[in-house]
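Report on the following structure.
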Amino acid sequence: MLNIGDKAPNFTLPDKDGNLVSLSDFLGKKVVVYFYPKDNTPGCTKQACGFSENIEEFEKNNTVILGISKDSQKAHKNFIEKQNLKITLLSDVEKQAIEAYGVWQEKKLYGKVSMGIVRTTFIIDENGNIEKIFDKVKAAQNAQETIDYIKG
């Protein structure tokens, strides 16, 4: 598991249009990297819309938002268009970043155990180090708690 102060693992993943995006592209800015289970599900929609609706507040604070799930580029494109999202979603079908950040874990739902993405948000500082980790994220409040943290 990653800790505050650790160098954030770099990744290069495709966005909805197949453009490759790397964490290292954003050195000099804060980056919110949030991992979520699945496009177009109620919690994930609330979380993505929260970040999207507050994008100007993040931009004013020199902060980029990157959402990562193992959904396909096509699924991301549909999700972005359907919800009119203004944030970047990255497709990690091979679980490269998901595993590097330790968010692929055992989950229990209604007594059933399965592996999946545990909703987690990382704030990466301007030098590429992990500044803050939000685990046990509540999807509907994640954007606001992240803004509150960034604004200090």
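Under the rule a/c < 1.5 gives rounded, and otherwise a/b versus b/c splits prolate from oblate, where does the stretch 12-151 land using the Cα gyration tensor? Judged from the Cα gyration tensor, the stretch 12-151 comes out rounded (a/c under 1.5). Remark on ILE87: its backbone amide H falls under 5 Å from none of the residues 5 or more positions apart or on other chains, H modelled at 1.01 Å from N. In the neighborhood of LEU20, defined by Cβ-to-Cβ distances under 15 Å, what is the net charge if each Lys or Arg adds +1 and each Asp or Glu adds -1? Result for the local shell: -4.
Quick one: if the Förster radius is 22 Å, what FRET efficiency do GLN96 and LYS29 give, using the C-beta to C-beta distance and rounding to 0.05?
Using R0 = 22 Å, I get an efficiency of 0.50.
In the stretch 1-124, the DSSP beta bridges split such that about 60 percent are antiparallel, to the nearest 5.
My understanding is that a pair violates if its Cα-Cα distance is over 25 Å; which of LYS29/LYS108; LYS70/LYS108; LYS38/LYS95 do that in this structure? Check vs 25 Å cut-off fails for LYS29/LYS108.
If we count every other residue with Cβ under 15 angstrom of ASN3's Cβ, Lys/Arg +1 and Asp/Glu -1, where does the sum land?
Counting the neighbours of ASN3, the net charge comes to -2.
The order of ILE68, ILE124, going from fewest to most other C-beta atoms within 10 Å of their C-beta, is ILE124, ILE68. Taking 13 Å as the straight-line reach from the Cα of LYS77, the aspartates and glutamates in range (excluding those fewer than 8 positions away in the same chain) are ASP15, ASP17, ASP39.
Only the coordinates and a few stated rules stand behind these numbers; no lab work does. These numbers come from a predicted model, not from an experiment. Methodologically, a virtual Cβ is constructed for each residue, glycine included, from the backbone with ideal geometry; neighbour enumeration extends over all protein chains shown.
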